[in-house]
Amino acid sequence: MKILFSWLKEFVEIEISAEELAEKLSLSGTAVESLSYLGGDIRNVYTARIVKISPHPNTDQLFLCQMDAGSRGKMQVVCGASNIKEGDIVPLAVTEAVLPGGIKIGRREIRGVISDGMLVSPAELGISEDSSGIMILPSDTEVGIDIRKVVGMDDYLFEFEIMPNRSDCLGVIGIAREIAALLGKNLKLPPAEVQETEEWASEIVQVEILSPNFCPRYSARLLKEVKVRPSPYWLQFRLKAAGLRPINNVVDVTNYVMLETGQPLHAFDFSCIGGAKIVVRQAKDGEKIVALDGREYVLDNDTLVIADEKEPVAIAGVMGGKNSEVNENTTEVLLESAHFSPISITKTSRRLSLSSEASYRFERGVSIEGTVYAANRAAYLLADLASAKVCRGVVDFYPVPYQKRKIIFRPGRASMVLGKKISAEEMKRVFFSLGLQVEPKDETYIEVTIPAFRPDLEREIDLIEEVARFHGYNEIPSTLPRIRGGRGLNSYQVWQRQLKEILVGAGLMEVMNFSFFNPSLSKRLLGYGTFSGVELVEIANPILITESALRPTLIFGLIETVKRNLSRNNENLSLFEIGKVFFRKKGERKEEERLGIILCGGWQEKDWANDFRPFDFYDLKGVVELILKANQLRKWKYKNSNYPFLHPFRQAEVYVGDRLLGFLGELSPELEEDFDFSNRVWLSELDIQAIFESRQTPYFKEIPRFPPALFDLSFLVDKGIPVGDLLKTIEETADHLKKVIVFDVYEGRNLPEGKKSVAFRLYFQSASKTLSDEMVGKEVEKVVHALSSEFNAVLRKA
Amino acid sequence: MDLIFQLEKLKEEALALISTAQSEKELEDLRVKFLGRKGEITMILRQIGKLSAEKKPIVGAKANEVRDWLETLIEDRLLRFKRSSFEEKLKSELVDITLPGRIPRRGRKHLITQTIEEIVDIFLSLGYWVAEGPEVETDYHNFTALNMPPHHPARSLWDTLYLKSPGEDLLLRTHTSPVQIRVMQKEKPPIFIVVPGKVYRRDVADSSHLPVFHQIEGLAVDEGITFADLKGTLEFFSQRMFGADKRVRFRPSYFPFTEPSAEVDVSCFCEGEGCRVCKGSGWLEILGAGMVDPNVFDEVGYNNEEYTGFAFGMGVERIAMLKYGVSDIRLFFDNDLRFLEQF
């Protein structure tokens, strides 16, 4: 809501500066989004009379004008405009003048003649688009005064952010009332006493309300002999400052009064109202109307319309119809000042995707008591500006008059809620200054009567807020409550922080991606492994079609993140994300937390101390196992999997017991190509809730007092045999085995075709004694035997 | 020859040899030459037995003296050699202290995670605890229960993403406030919680808007909680978060689920000089707050005469932008390594 300072000043005496007022308003709840001085771009432009016009000695295109700028002196300017004549009063930019856009004017020579300045067009002053000629001011304009004072530019524009509950402040009067209360001044309402003709409006117009629930009040005035023409300059200027486009005096006055009072008005060309009858009714399904925006709207039974005896002439409270628009030939005008239910207007506006200044106000609630005043005010202005003859009486359909709300208010409760003792007297003063009626009842409470223009004041707490606003939030002390029942972070929250610390300590960077998902990716995802039986959760009104579902996995966000970084030459990426995924499974909606990991490049670039080593499967597996080990998990296992977005021979699922934790593997080479990666990408996604729930608490084990015995063994086995199977057999076979390390895996030269060599280091240790060579030898023999019989493994010479 | 004389001569000779010896090896050889089993001193000592009884002790003493002297001398020289060769060895191990170290690779928690933890920790220190809730919410929890029945004009304050969900009114929560409702429906006061989490708006990303971002919600409900308590709490938070010298300002505002409501500003880092960040006002808007609206208490079945409470909410990205000078909110979800590594 944009309002000129001068307009506010008409309704309340303001002795402080615009800046001070803006600060006071902001601190009392009427947020001032911006405050600007209109004439800030203009300097040294004055009114002046053209005393004499004579030809330029050196060209036919230009004239010499002798100017009288009163106290500013007499001067001569060169001018090329043809719309001026001697005696005209015009704006004169003198030496050192500045015009909007930073244009500087100075004394200079033009075709051999000195010009002391320049005559200026409305466009050059920035007050309209009119650049056809010099701005001609009214002939009674005083000369030698600052042009900004004459054209209304010596003014400030306030831009207010009005909260949805303060519909009363969608009009100048509402804001002026706030200011009056703040400054302790009286609110002055603009005149609305109309000179009426003998003819009764009610004898000419018939109004019938068929939906009184949606339209509880309909007030109208009939105007005759209306002269439709452009509005005067001052009115256009105020409308434009408020962001409205001037159209003609009738339409402009309806808008002007709406801006003043907050009550939307509509003007019908009465000659277009068939049967001279207004019917407020619900539309018939499929009924059509062409609105003032030129578009045709198809209506349904939930839409309230203003109709004549046969068809709609307006979408009630939203927009008028083209068929009854006021135009330059209009002479009879029906002014509508009605009240519509907010819910009805909200629904209509949303359904038709059509909103207007009127619908915006009706949605937020307009005072039902204000319709007649607004109609009178508009009639008063049109009698003046359009020479309108106002028919006698207001046609006013108002079956159930407003019952003023009464609220019981306890000053003691207010002090208690606010945490400061404020006197009942001060509270009463606040209410009174806001136009509320106060009736003291007894020591503990008063009764406050709420006028219709404050529909937001419904309860005691709403009045407590008014007290706080005008007492000043910053006058209330600051205290800390005594807190009971603190319980800190829960175990999952603590655990998740630790998990992040572990990953960060291991060199992974945390990232965050949007929770959206492109459904076209789902054919590569859904139906496999952890995604079997998974359906997407879709967004009904997505911003982008590529973001029209919620992510069932973190991996695509991570892939995009890697891609984006590579395109910016950020290499060697090891990233993780912890976030929610969303899906439906067996009809049930799920929202679960996942950990996604992605590796691309290597742990570090080559430098003087380190070689570059590209990430491989075992780097990824190592990160996964770091997490499992950090949670004291031991018995995890891997199974082959067939996720279509992963490399078919480089992927696995990881389990703890029977619980699937997630998958890991290389991004499918086809996808690597699709995403245009030249590097290998390694991916994992884990169910961290499952890890959290499987985690173990460590329990102390005696530190062995007896030395370990080491034994290295190297075997030749078929290439296809997984080393994990060998390890499992070793662990199951040998006693006193503390740990086994795979210290070498070799395929290639010097080995028989189809074979590989695998070397193990076995650590034997007993808690109760030093193991003898003999005992170790026996265990080693068992291992050799078991591997040989199970896997046909041949012991190699060490 | 007189053994005494021989000893003296030997001493002279040994001194000359030992003091000119060039290596540990030479010294070891000299040790053998003089003190070894077949060394010259040993040879002399062997002859003592043949001497008269009166000469025996004199020569014996002298021989022992020379032997001890030689031993000390050689040991001393050896030690000197050892020390200098040790020094040589150390010298050869010289490092270039200017070569870069092998820094173990370290990741970073995302700046948003760091900021959430920072904020949450301030409230944990006051005795609050952390509650969380779903990102997919019902229309009821996100709006209706928060004093915004269907068609309430305040609903337009949030551009909402709705889900395709036959039979259910589901949406992506537009704020963390629905968690207030979930917690209060489950528990009785006292309630002192903070709620971090992702929230969603149907906004196109630009330098100050994102369709997905983070909020932290706070809720305090107990007997006798006042607006002054809200002020004190948020002042405490602001000064911990932004610096003890910061001033805090409260402006009346409107939220459907609080009454009275406030916007809270903290004094700008420019100290009122006026800068780009505060647009010259000297104040930075950091959060919205207010006393819990009695209608919300009615909705969750709390007695609104017995209990009062306050709630507040802040945008984590905004707080991080102000505190760390981040110029564009999109950077948080852009995940450029050069951004992530800075924090």
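A few remarks follow.
- Candidate set from region B:297-336 (those that are more than 14 Å from chain A (Cβ to nearest Cβ) and among the β-branched types (Val, Ile, Thr)); member that is nearest to A:Met416 (Cα to Cα): B:Val300
- Answer from B:Lys231, B:Lys188, B:Lys246, B:Lys198 - the residue that is in contact with a His (Cβ under 9 Å, 6 or more places away or on another chain) and among the basic types (Lys, Arg): B:Lys198
- Scanning region A:169-190 for any residue that is part of a loop (DSSP other than H, G, I, E, B), open to solvent by 10 Å² or more (accessible area, probe 1.4 Å), of a type in the set (Lys, Arg) and touching a residue at least 24 places away in the same chain (Cβ under 8 Å) turns up at least one such residue.
- Every listed requirement among (1) under 19 Å from A:Glu571 (Cα atoms); (2) modelled with pLDDT of 95 or more; (3) open to solvent by 10 Å² or more (accessible area, probe 1.4 Å); (4) among the charged types (D, E, K, R) is met by A:Asp687 save one, (1).
- Where A:Ala220 falls short, out of the listed (1) on the phi < 0 side of the Ramachandran plot; (2) surrounded by fewer than 23 Cβ atoms within 10 Å (Cβ to Cβ): (2)
- Of residues in region B:30-48 being closer than 14 Å to B:Glu13 by Cβ and open to solvent by less than 30 Å² (accessible area, probe 1.4 Å), the one nearest to the chain's Cα centre (by Cα): B:Leu30
- Summed over region B:247-275, the residues that are more than 8 Å from chain A (Cβ to nearest Cβ), open to solvent by 10 Å² or more (accessible area, probe 1.4 Å) and farther than 27 Å from B:Asn142 by Cβ give a count of 9.
- Verdict on A:Arg469 being open to solvent by less than 50 Å² (accessible area, probe 1.4 Å), touching a Gly at 6+ places or on another chain (Cβ under 6 Å) and farther than 30 Å from A:Asp687 by Cα: yes
- Selection over region A:216-246 of residues that are part of a loop (DSSP other than H, G, I, E, B) and within 32 Å of the chain's Cα centre (by Cα) gives a count of 5.
- Residue list for region A:618-651, restricted to those being open to solvent by 40 Å² or more (accessible area, probe 1.4 Å), of a type in the set (A, V, I, L, M, F, W, C), closer than 22 Å to A:Ile555 by Cα and more than 14 Å from chain B (Cβ to nearest Cβ): A:Phe649
- Set A:Ser131, A:Ser139: member being open to solvent by 20 Å² or more (accessible area, probe 1.4 Å), in contact with a Pro (Cβ under 8 Å, 6 or more places away or on another chain), over 19 Å from A:Ile14 (Cβ atoms) and not in a helix (DSSP H, G or I): A:Ser131
- Residue match in region B:81-102 (condition: open to solvent by 100 Å² or more (accessible area, probe 1.4 Å) and aromatic (Phe, Trp, Tyr)): yes
- For region A:362-390, the set of residues classified as open to solvent by 20 Å² or more (accessible area, probe 1.4 Å), of a type in the set (A, V, I, L, M, F, W, C) and more than 16 Å from A:His266 (Cβ to Cβ) consists of A:Ile368, A:Ala383, A:Leu385, listed by residue number.
- Residue pairs meeting the criteria (Cβ under 8 Å; at least 6 apart or on separate chains; first free of Cβ contacts under 8 Å to residues at least 24 places away in the same chain, in region A:332-357; second not in a loop (DSSP other than H, G, I, E, B)): A:Pro342/A:Phe362; A:Pro342/A:Glu363; A:Pro342/A:Arg364; A:Pro342/B:Pro153; A:Thr346/A:Glu363; A:Thr346/B:Pro153
- Filter pass, A:Glu443 being among the charged types (D, E, K, R) and either open to solvent by 20 Å² or more (accessible area, probe 1.4 Å) or part of a loop (DSSP other than H, G, I, E, B) (or both): yes
- Residue match in region A:652-674 (condition: surrounded by fewer than 20 Cβ atoms within 10 Å (Cβ to Cβ), in a strand (DSSP E or B) and aromatic (Phe, Trp, Tyr)): yes
- The residue that is surrounded by the fewest Cβ atoms within 10 Å (Cβ to Cβ), counting only those in region A:543-561 that are assigned to a loop (DSSP other than H, G, I, E, B) and within 12 Å of another protein chain (Cβ to nearest Cβ), is A:Leu544.
The values are calculated or read from the model by the stated rules, or taken from the named source; none is laboratory data. Just so it is clear, the model here is predicted, and its values are computed rather than measured. Heads up, the Cβs are rebuilt from the backbone with ideal geometry, glycines too, and the neighbour counts pull from every protein chain shown. Accessible surface is based on the protein model in full, side chains and every heavy atom, while ligands, DNA and RNA are left aside. Shrake-Rupley method; radii C 1.70, N 1.55, O 1.52, S 1.80 Å.
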